[in-house]
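Please read the structure below before turning to the comments.
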Amino acid sequence: MKRRIQAMDRGVLLMLLASLSFALMGGFAKVVSQMLPPVEVTFFRNIFGVVIVGLSIYKIPLKQRGGKPLLLLFRGSMGFAALLAYFYIMAHIPLGEAVTYNKTSPLFVAIFAYVFLNEKLHKSALWAIMIGFVGIVLVAQPQGGSFDKYDLLGLFSGVGAALAYTSIRELRRYYDTRAIVLSFMGVGTVAPLLLMLVTPFVTVSEEFDWMFAVFVMPEGVAWLYVSAVGIFATISQLLMTKAYELTKAGIVGTISYSNIVFALFIGVMLGDPIPDFWTVLGIILVILSGLLVALPKGKS
């Protein structure tokens, strides 16, 4: 019993550190997105992971049966698109709100797992979905009853991440975890390069400017910022993985919402306006919805 409590305490501490690291990544991404296009920031964020995971695979070969290459590509593509949208909105809206949109992914995972994987949808999850969407509306505060471009891309960052996470539940039966991670980071490295290469030869409307941009060579402090994005993203991933190994998924998932709080503080320090009452209420409802989704996992 004592060992279990100690493991749980370590898991909670590691998840708190992972959340702080994730929020710091967001802070550096927000700053550097004022200097470099988000698609380029996405490239640098993933190249660090490709090197680290690649070295791991080189030292310890993959052990897997494979057989689902299209699903693996789908996971990587959805993860990349969600991350690109996430970095784009960071440059235009407060950091806390951007992270809140991204943290709607558990709601959509519950929906997609029910639709595609025939997983049971608990009553608490149904309440969570309703509460979560009310929270989203309060955060977005749509003018004239319609969401703007940044709100829609924020929601897409949550939906895309949820599709990627849902596919992992099937992929883990066929692939080594490192192969699944590499599918995301690999696509997240190659796709931005391709998008930046074709940008000079295509005419892009304002709706799709978040996907296309000309490569800008980082200079001076920009190198420090993009390096920090990659380093803190990798640290966050490692800490989070270890936390899930030590503690129940429901508990770790609950603690992960602390990254919204960290992001709010970091965002204000970077010049974001202090959120108004309705935005704070919306953020609280999104967090509550995530806790309700995690509740059945915590009991299991």
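Summary of values
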{"read-out": "Residues (in a loop (DSSP other than H, G, I, E, B) and within 22 Å of the chain's Cα centre (by Cα)) located in segment 193-214", "value": "D209, W210, M211, F212, A213"}
{"read-out": "Helices (runs of 4 or more DSSP H) enclosed by segment 60-175 - at least 1 residues per element that are of a type in the set (S, T, Y) and touching a strand residue (DSSP E or B) at 6+ places or on another chain (Cβ under 7 Å)", "value": "none"}
{"read-out": "Condition check for L117: over 19 Å from the mean Cα position of the chain (by Cα), surrounded by fewer than 16 Cβ atoms within 10 Å (Cβ to Cβ) and closer than 20 Å to Y165 by Cβ", "value": "yes"}
{"read-out": "Residue in segment 29-59 that is surrounded by the fewest Cβ atoms within 10 Å (Cβ to Cβ), counting only those that are hydroxyl-bearing (S, T, Y) and in a helix (DSSP H, G or I)", "value": "Y58"}
{"read-out": "Residues located in segment 143-152, provided they are within 30 Å of N118 (Cβ to Cβ) and either of a type in the set (K, R) or buried (at least 23 other Cβ atoms within 10 Å of the Cβ) (or both)", "value": "none"}
{"read-out": "Single residue of segment 207-223 satisfying the filter (free of Cβ contacts under 8 Å to residues at least 40 places away in the same chain and not hydrophobic (A, V, I, L, M, F, W, C)) that is surrounded by the most Cβ atoms within 10 Å (Cβ to Cβ)", "value": "D209"}
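Quick grid of which residues meet (1) in contact (Cβ under 8 Å) with a residue 24 or more places away in the chain; (2) assigned to a helix (DSSP H, G or I); (3) among the polar types (S, T, N, Q); (4) under 23 Å from I180 (Cα atoms):
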| position | (1), (2), (3), (4) |
| --- | --- |
| Y225 | yes, yes, no, no |
| A228 | yes, yes, no, no |
| S236 | yes, yes, yes, yes |
| I251 | yes, yes, no, no |
| T254 | yes, yes, yes, no |
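Bear in mind that the values in this text are calculations on the coordinates, not laboratory data. The shown structure was predicted, so the numbers you read here are calculated from the model rather than taken from an experiment. Using ideal geometry, Cβ is built from the backbone for each residue, glycine included, and neighbour counts are taken over all protein chains shown.
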